[in-house]
1. Using a Förster distance of 45 Å, how high is the FRET efficiency between Glu439 and Arg258, based on the Cβ-Cβ distance and rounded to 0.05?
2. At Ala37 and Val70, where each label point lies 7 Å from the Cα along Cα→Cβ, what is the point-to-point distance in nanometres?
3. Counting pairs of alpha carbon atoms under 8 Å apart in space and at least six apart in sequence, what relative contact order in percent does the chain give?
4. Could you compute the FRET efficiency for Asp14 and Arg306, with r as their C-beta to C-beta distance and R0 at 22 Å, rounded to 0.05?
5. Residue by residue, what Karplus-based ³J(HN,Hα) values in Hz, rounded to whole numbers, does the stretch 425-441 have, using 6.51, -1.76 and 1.60 with θ = phi - 60° and x for Gly and Pro?
6. According to a simple spin-label model (label point 7 Å from Cα along Cα-to-Cβ), what is the distance in nm between Phe282 and Asp175?
7. Against the longest alpha carbon principal axis of the chain, how many degrees, from 0 to 90 and to the nearest 10, is the axis of helix 102-113 turned?
8. How high is the relative contact order of the stretch 301-455, given as a whole-number percent (alpha carbon pairs under 8 Å, six or more residues apart)?
Amino acid sequence: MTLLIRGGTVVTADQERRADVVCEEGVIRALGPDLEAPAGARVIDAGGCYVMPGGIDPHTHMQLPVMGTVAVDDFCSGTAAALAGGTTMIIDFAIPEPDQAPVDAFRQWREWGDQACIDYALHVAITWWGERVAADMATLVDEHGVSSFKHYMAYKGTIMCDDQVLYDSFRRARDLGALCTVHAENGELVDKLRDEVYAQGVRGPAGHPLSRPPAVEAEAAHRAIRIAEVVGTPLYVVHTSCKDALDVLARARLAGQRVHGEVLVQHLVIDDSVYAHPDWRFAAHHVMSPPFRPKQHQEALWAGLRAGVLETTATDHCAFCTDQKAAGKDDFRQIPNGTGGVEDRMSVLWHHGVGAGRLTRTEFVRATSTAAAQIFRLYPQKGTIAVGSDADLVVWDPAGSRTLSARTHHQKLDFSLYEGMEVVGVPAVTVSRGRVVWERGQLQAERGAGRYVPR
Ligand code: URQ
Ligand code: ZN
């Protein structure tokens, strides 16, 4: 399909300009003012709209098997929903069972991932240590284009890495030229606190944030950063949720360490009052880790995003329906951790960021696409609008609006974190490798159309 996107304002992370865009065979062929339509091209009128790189969500968990259940959005439904929200690429996680070979887990996730409607890549989690893991890390880097490894500092007894594993894995990744990422929560403390809170008689979702206070996150972030310093390797900290952890990242960056921060859009706009909701189902739908924080943390996170300490925005999309959350009806420790929102990230960030004067449009593009592409080695194939880049684009209507709701979203999830929120600023058209897949409310996602992108 050949496309001419005409009459819009092209916004990238470094500039805005009036330009038309020609896409052919899945890539951007031409960019400039007043371009002629190639023979047979379909013309899309982008008048009054911004033409931006499609969103990249660097942190999702489609169909994750966890806590005896499986996240309900699979690679097909989750990525179709992503397109309806203007996101054209995800980076998901292959998470080996304890003792499972990382390459075997990667192969399993590739099989699932090949159902995706959009391009995708995979981080691989390091969940134990041994010669096999060290060898597989090299295979993953050299043969499969995996250039980032995730380390869970929480979830003791299952996938948690202790300091020795962090040290060994960070060294190996450094020598392979790969980037380490961490889920920063002190799993030892979480384990103790959960049981203490439960023993005190707190059984409902309100126990979840009590067992994962900001200090638990800040301690782990600090420890991971210091281990990275000792090893001499860069670090990416996923879902920074509180001022305490943000301050740790900012200090390390000021001291010259290369530390990248990610923030989840939901942590920017939702606070911990959700856990006090009288309906346990509503509260349980907010059980994710790290948890939602007291309101004062939100402005700190926005400031961190503006300052560039937090460079990327993600969703950690890991969707569980009400019947799955019910596994922990009488014991918050059994509630599967995770929330949705891959479809909503771009609009929520635009509305509360650009619309509220907190972010410029170029900052929005950087935070939703370019920074992730650069940090995770997808740039300039992804994350920008340039001749030769993949034609992953969104025509953004800044005046269009949408009321977010589980009744109308495309995610399989039966709950929306943003139920009833009206957002101004929506994707009018989403283009995935040159194909129009979302257009003014019509979704034409195709199972398996996405490619695995080696990095
Ligand atoms: O922690 C994770 O990465 C998974 C289990 C998703 N859920 C979450 O609460 N963040
Ligand atoms: Zn996650």
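1. Working: r = 40 Å, r/R0 = 0.90.
After rounding to 0.05, the efficiency reads 0.65.
2. 4.5 nm
3. On the way: 1129 pairs, mean separation 101.0, N = 455.
With pairs under 8 Å counted, the relative contact order is 22 percent.
4. 0.85
5. So the Karplus estimates, Gly and Pro as x, are x, 9, x, 7, 9, 10, 10, 10, 6, x, 9, 6, 10, 9, 8, 6, x Hz.
6. Label at Asp175, label at Phe282, 5.4 nm between them.
7. Between the helix axis and the principal axis of the chain, the angle is about 40 degrees.
8. Details: 226 pairs, mean separation 30.1, N = 155.
With pairs under 8 Å counted, the relative contact order is 19 percent.
The values are calculated or read from the model by the stated rules, or taken from the named source; none is laboratory data. Predicted model, so just to flag it, every value in this text is computed and none were measured. Neighbour counts run over all protein chains shown; Cβ positions are idealised from the backbone, glycine included. Keep in mind that these areas ignore ligands, DNA and RNA; they rest on the heavy atoms of the full protein, side chains included. Shrake-Rupley method; radii C 1.70, N 1.55, O 1.52, S 1.80 Å.
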